[in-house]
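Notes follow the structure.
The values are calculated or read from the model by the stated rules, or taken from the named source; none is laboratory data. It should be emphasised that the depicted structure is a prediction, and the values quoted were computed from it without experimental measurement. Every residue, glycine among them, receives a Cβ derived from its backbone with ideal geometry; neighbour counts consider all protein chains shown. Only protein heavy atoms, including side chains, enter the accessible area calculation; ligands, DNA and RNA are left aside. Shrake-Rupley method; radii C 1.70, N 1.55, O 1.52, S 1.80 Å.
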Amino acid sequence: MSSEQDIYEEHVLDHYEDPYHRGDLEKATHSHEADNPLCGDVVHIDLRIDGDEKIQEAWFSGDGCVISQASASMLMETIEGKSLEDIRNFTAEEMLALFGPKLTPNRQKCCLLSWRVLQSAIHAPVDDLPPDNEDGPDVHFGGPSLSEET
Amino acid sequence: MGSQSPLVEKKSYLKDTTAFTISELDQIREQFPILGRLTASGAPLAFLDNAASTQRPLAVIDAMSDCFRRYYANVHRGIHTLSEESTAAYEQARRTVAEFINAASDREVIFTAGATASINTVARTWGDANLGRGDVILATIAEHHANIVPWHQLAERTGCKVVFLPITSEYTFDDTVVKDHLARLQPKLFAFTAVSNVLGTKTPVRRWAQLAKSFGAVTLVDASQATPHEPIDVQSLDTDFLVFGGHKMCGPTGIGVLHGKQQLLEDMPAFLGGGGMILRVTTEGFEPAELPDKFEAGTPPIAEAIGLAAAANFLTGLGLERIAAHEHALCKIADQGLREMQGVEVIGPDASQKGGIVSFSIDGVHAHDIAQELDHLGIAVRAGHHCTMPLHRWMKKTSTTRASFYLYNRPQEAERFLEAIELVKTKFTRSGRRRRQRNPQ
Ligand SMILES: Cc1ncc(COP(=O)(O)O)c(C=O)c1O
């Protein structure tokens with residue numbers, strides 16, 4: 001009956017159930033957290049960045065839908081060993097491609113939550129005040145939030 | 001789906017639906033062309049998001065199209081054939097709607113842009129004129145944001161305050177608590193929903209209106225979830241203000257109704273200023289028009305009012321008691337089926353206390369994932385906070401999933417919904433998966 005791709009393909013469910021580096025990182029040098037207030041998804045990211053501006057370790061924690069959590073896991077798996085330059089150049093489109101299944105505009109927000117948190121985390125050294133722009137880079141994706149319905 | 005139904009013993013719920021026969025339901029569904037379409041996944045559509053907005057029957061589509069094709073022009077102004085015909089149809093629509101809610105006079109029926117616009121009108125006019133510092137507005141915790149935010153805004157302007165009436169752990173209201181709040185707080189306004197758009201809980205509108213009156217409070221009833229489903233008689237309910245929109249009752253978007261008792265409306269200052277709402281304008285000021293024009297500034301939603309009247313006639317033709325009985329039967333199937341499932345929590349009172357709305361959550365599964373997977377199976381439901389953040393906060397939930405039935409839904413769709421929920425549960429149940437490389441194709 002299905003002519004459309006299953007968003008919850010095996011790979012996505014695998015990451016949801018067996019996430020990569022879910023937990024806190026004791027020796028984090030950078031960290032950030034944000035949510036999608038209307039649906040309640042939360043993602044927190046801890047990073048250990050070395051003197052060469054390379055991500056040595058990346059961990060996440062959070063709560064929310066399969067897409068928000070599985071995509072965070074995929075992101076952690078991908079970014080270790082990458083340079084900050086690589087992260088800055090990693091676009092929202094690339095994040096959606098990393099996730100895989102095509103998402104409707106409403107669900108792109110869920111997938112991009114961890115990407116937003118990451119983009120802020122690299123500018124958020126631990127022990128520093130959080131950056132002004134709590135929500136990370138000002139990029140708009142998708143339609144109005146799913147939950148602001150009548 | 002279907003061949004290996006997870007509901008091992010298939011129960012027949014169909015006997016519960018006595019309101020419409022199968023052939024009547026077929027005929028009703030033929031009136032709604034959209035119901036024949038498929039969803040993006042290619043599955044036949046089961047539309048269970050009716051509490052957000054309903055679909056339109058041919059009667060409404062045709063009435064609006066007929067207006068545009070044959071006689072549309074601006075109303076109340078032109079001395080020409082089309083304007084006169086449009087004006088007659090627009091004012092006939094008002095009479096139809098007045099009859100639909102049994103208003104004492106059609107001057108009590110103000111056309112607005114929707115339920116939200118109706119409530120804002122009351123807040124901006126009656127509210128600004130009658131409330132001041134320290135005055136209290138009482139509302140239930142289960143209100144839609146449309147019946148909360150305008151009061152918060154009024155509080156910001158006037159210094160009055162909004163107090164929320166709690167709900168019991170069974171998702172119902174306790175009359176003694178209502179009485180106690182009215183007696184203790186002496187609110188100027190008691191604003192409450194006739195039917196909660198999340199819980200499905202019905203409030204005793206008549207009794208609460210009487211109680212409020214005995215304590216000197218004006219009542220505003222949000223009937224958005226009531227007029228589509230049950231007969232409403234504003235004279236017998238004795239409400240001061242009652243509001244609803246067109247799009248939840250088979251009518252168009254962009255139109256709603258503010259019903260108010262004539263004296264109240266006459267004493268209220270005008271709200272939006274402009275053409276149509278004045279008797280005369282000078283360089284010094286203006287004199288407002290009589291009711292209902294006083295509250296209908298600018299070109300009104302003409303075709304939409306005509307469409308709304310067609311919707312009211314359609315519902316009356318089917319019989320609102322029968323519609324209510326039909327929806328209730330479907331709601332009962334879904335409600336009972338969900339309650340029998342492990343790991344599923346129904347958010348709302350027993351089916352006997354509600355109409356066509358069933359909200360629920362599944363342990364460990366996010367509401368958006370439920371809705372997404374149901375859509376994949378062809379079933380449209382709503383997930384989120386349904387514009388009731390205070391209620392969700394009270395329930396300690398960020399979101400819930402809601403199935404809402406309407407007159408055109410089949411009992412089989414309620415069964416399909418239950419089967420789909422079993423599939424959703426299976427799909428998202430943790431099963432010891434391990435992370436692997438992505439499958440290359
Ligand atoms: C209980 C309730 N009140 C008010 C509204 C808002 O109505 P409208 O869309 O007509 O402004 C809705 C739904 O949208 C509702 O469910």
- request: Report, to the nearest whole %, how much of the accessible area of segment A:19-126 belongs to carbon and sulfur atoms, 1.4 Å probe, protein only.
  value: 48
message: Tell me the relative contact order for segment B:59-317 as a rounded percent, counting alpha carbon contacts under 8 Å between residues six or more apart.
response: 26
field: segment B:131-211: trypsin sites (Lys or Arg not before Pro) falling in loop per DSSP and having at most 13 other Cβ within 10 Å
entry: B:133
task: Using only the alpha carbons, work out the radius of gyration and Dmax of the protein assembly as shown in angstrom.
output: 26.7, 82
task: Whole Å is fine, so just give me how far the alpha carbon centre of segment A:31-110 lies from that of segment B:235-281.
output: 49
- line: When chain B is treated as a Gaussian network with springs between alpha carbons less than 10 Å apart, the largest mean-square fluctuation among B:176, B:282, B:81 is found at B:282
field: Residues of the protein assembly as shown: accessible area per residue with a 1.4 Å probe, Å²
entry: 42
statement: Interface residues of segment B:37-59, defined as losing at least 10 Å² of accessible area versus the chain alone with a 1.4 Å probe, are B:40, B:41, B:42, B:43, B:52
query: In whole Å, how far is the Cα centre of segment B:31-93 from that of segment B:322-336?
result: 27
query: Which of B:28, B:137, B:379 moves most in a GNM of chain B, Cα contacts under 10 Å?
result: B:28
message: Filter chain B for me: DSSP H helices, axial length by Cα at least 24 angstrom, mean Kyte-Doolittle hydropathy not below -0.5. List them by residue number.
response: B:302-318, B:320-339, B:411-428
- request: Report in % the part of the accessible area of segment B:59-317 that belongs to carbon and sulfur, leaving out ligands and nucleic acids; probe 1.4 Å.
  value: 52
- prompt: Hey, how many Å between the Cα centroid of segment B:115-190 and the Cα centroid of segment B:350-377?
  reply: 29
message: At a cut-off of 40 Å², which residues of segment B:347-394 become less accessible once all protein chains are present than in their chain alone, using a 1.4 Å probe?
response: B:366, B:368, B:369, B:372, B:376, B:382, B:385, B:387
query: Any idea of the total accessible area buried by the B-A contact, 1.4 Å probe, rounded to 100 Å²?
result: 3200
